[in-house]
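The values are calculated or read from the model by the stated rules, or taken from the named source; none is laboratory data. Predicted, not measured: the structure shown is a model, and the values here were computed from it. Counting neighbours? That spans all protein chains shown, and the Cβs are built from the backbone with ideal geometry, glycine included. SASA here: full protein model, heavy atoms, side chains in, ligands and nucleic acids out. Shrake-Rupley method; radii C 1.70, N 1.55, O 1.52, S 1.80 Å.
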Amino acid sequence: MKNTATEKYLPLTHTTYYILISLVTPLHGYGIMQKVEEMSTGEVKLGPGTLYGALSKLEKQGLIVKTDEDEERRKCYVLTNIGKQVVKLEWERLNTLVEVSKNIVADIEVDQ
C-alpha cells in the first residue's frame with residue numbers, strides 16, 4: 001500500500017498515532033483525551049492545549065475532519081480516507097520494525 005502522498009506524514013509520533021486511532025469513530029476533544037489515555041494505559045495524557053493544537057494540525061493536513069454527529073454541538077472529529085491510509089501505513093511500519101527486530105532483541109543479553 002505504498003503511496004508517496006501519504007508516506008510524507010510518516011513516521012508519526014506515538015501521541016499523534018494514538019489520536020488518529022482514537023478517531024476511527026467520531027469523538028469530541030474530551031472523549032479523545034479519555035480514549036488516548038485508556039489505550040495507552042496511562043502512558044499518554046493529553047492536555048487541552050496539546051490536543052487542540054494537534055487536532056488543528058491534523059485537520060489542516062487533511063487527516064481528520066470535523067463532523068456534526070454529536071447532538072450536544074461539541075466539535076467532533078473523525079478520520080478522513082487519507083487519515084485511515086496514514087494509520088494503516090504507520091501500523092505496517094511499526095509492525096515491520098517489531099518483526100525485523102524480534103529475534104535480535106530476544107537474544108540480547110543485558111547485564112544486571
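Tabulated values for the structure
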quantity	calculated
Partners for LYS35 among lysines (Cα-Cα distance below 24 Å; same-chain residues under 8 apart left out)	LYS45, LYS57, LYS60, LYS66, LYS75, LYS84, LYS88
Of LEU12, ASN81, LEU46, farthest towards positive along the dipole that unit charges on Lys, Arg, Asp, Glu beta carbons give the chain	ASN81
Segment 1-103, accessible surface, carbon-and-sulfur percent (1.4 angstrom probe)	53 percent
Interchain or long-range residues, amide H under 5 Å from LEU27's placed H	TYR77
Note, ³J(HN,Hα) from phi for segment 96-105, Karplus 6.51, -1.76, 1.60, rounded to Hz, x at Gly and Pro	4, 4, 5, 4, 5, 9, 3, 5, 5, 5
Size of electric dipole in the chain: Cβ of Lys, Arg +1 and of Asp, Glu -1, about Cα centre, debye, nearest 20	560 debye
Most mobile listed residue (VAL87, VAL36, VAL98) in the chain, GNM with C-alpha springs under 10 Å	VAL98
Label-to-label distance, nm, for residues given as VAL78 and GLU109 (7 Å Cα→Cβ offset)	5.5 nm
Separation in nanometres of the label points that stand 7 Å from Cα toward Cβ, at SER56 and ASN95	3.5 nm
